[in-house]
1. In terms of Cα to Cα distance under 12 Å, which aspartates and glutamates are near enough to Lys56, apart from those fewer than 8 places away along the same chain?
2. Would you mind getting me the FRET efficiency between His67 and Asp92? Use the beta-carbon distance for r and R0 = 35 Å, nearest 0.05.
3. How do Val195, Val114, Val66, Val49 line up, fewest other C-beta atoms within 10 Å first?
4. Among the aspartates and glutamates, select those whose C-alpha is under 19 Å from the C-alpha of Lys87, and discard any that sit fewer than 8 residues away in the same chain.
5. List, in the order given, every pair from Lys53/Lys177; Lys121/Lys240; Lys53/Lys235; Lys186/Lys240; Lys147/Lys216 whose Cα-Cα distance in the structure shown is over 31 Å.
6. Between Ala229 and Lys177, what's the calculated FRET efficiency when r is the beta-carbon distance and R0 is 30 Å? Round to 0.05.
7. State to the nearest 20 debye the size of the charge dipole of the stretch 36-280 about its Cα centre, where the only charges are +1 on K and R beta carbons and -1 on D and E beta carbons.
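Bear in mind that the values in this text are calculations on the coordinates, not laboratory data. Since the structure is predicted, the reported quantities are computational estimates derived from the model, not experimental observations. Here the Cβ positions follow ideal geometry from the backbone for every residue, glycine too, while neighbour counts run over all protein chains shown.
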Amino acid sequence: MGLMRKTFLSLADNNSVYKFVVGNEITRQMTRRFVAGERLSEALEAMKVLNEKGIKGSLDLLGENVHSQDEARKAGAEYEEILDRIKEAGLDTNASLKLTQMGLDLGEDLCYEVTAGVLRKAREYGNFVRLDMEGSTYTQRTLDMFKRLHAEFGNTVGIVLQAYLYRTEQDVEDMIKLGARVRLCKGAYLEPAGVAYPEKKDVDGNYVKCMERLLKDGYYPGLATHDEAIIDHAKAYVAKEGIGRERFEFQMLYGIRNDLQRKLVEDGYNMRCYVPFGTQWYPYFMRRLAERPANVWFILHNSLKK
């Protein structure tokens, strides 16, 4: 793992740096590269612009690891409002959430209750909610909760799998058997070598292997990557196997590779953009800087221009 990536991932969980950064107006402005805003209205406006370009969306209210039942229920209510507003605005977007934001640390029954409330609203509207995957200490608990929710709500709910984990190849097979909607990403947390591939080439290799299985036998997988080599591999694979473009979608993050997002739409592929918003943007921002050094230079360049 590169030094810069490791440094930013460590800073994502550093409380002292967090307090400094969130109180700094310059840094707050820099986050607008990756975060649509702090208010739902800003995120909905960003989503409208994306839809006008033919790009679908997934709205994510940033936040994780709540400390009380009231916080968990408040987060659930906020997600129900998000779904209400999506319906009212007629936007082509679903929602993504983290189970620790729904109270997973406080108890599985609470988490199920809160998340099920969100899913009932999504099902009522014919929409969809993705459960984000967090650090590896939550992987099994997240999958267990997903299976429990999937048994009641079917494909109103989907899951994320991370290619940098050794276990993911088997998790892909399990999700294929379940008929679940999977979003495949590389992974954005600082993980020990005992559970995750430390080298990028190995992560990429596992991503491609899992991607091919999901394209072949999965249910409408989301291929979350900005890696053009992997995207080109996916295009070639579906062409060779006769897999229709309606059977999968590419996914990217808000503010990253906008040019490539537009190009994929122009070429007739389904494209979805993950659009985060909210006041709890610090950990997300640090993980985006960790993923790609070019993000750091882009932000510094544009800040100096201003």
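1. Asp92, Glu249
2. 0.50
3. Val49, Val195, Val66, Val114
4. Straight-line reach from Lys87, under 19 Å: Glu42, Glu45, Glu52, Asp60, Glu78, Glu124.
5. Lys53/Lys177; Lys121/Lys240
6. For R0 = 30 Å, the calculated efficiency reads 0.55.
7. On the way: 34 positive and 42 negative charges, 130 e Å.
About 620 debye.
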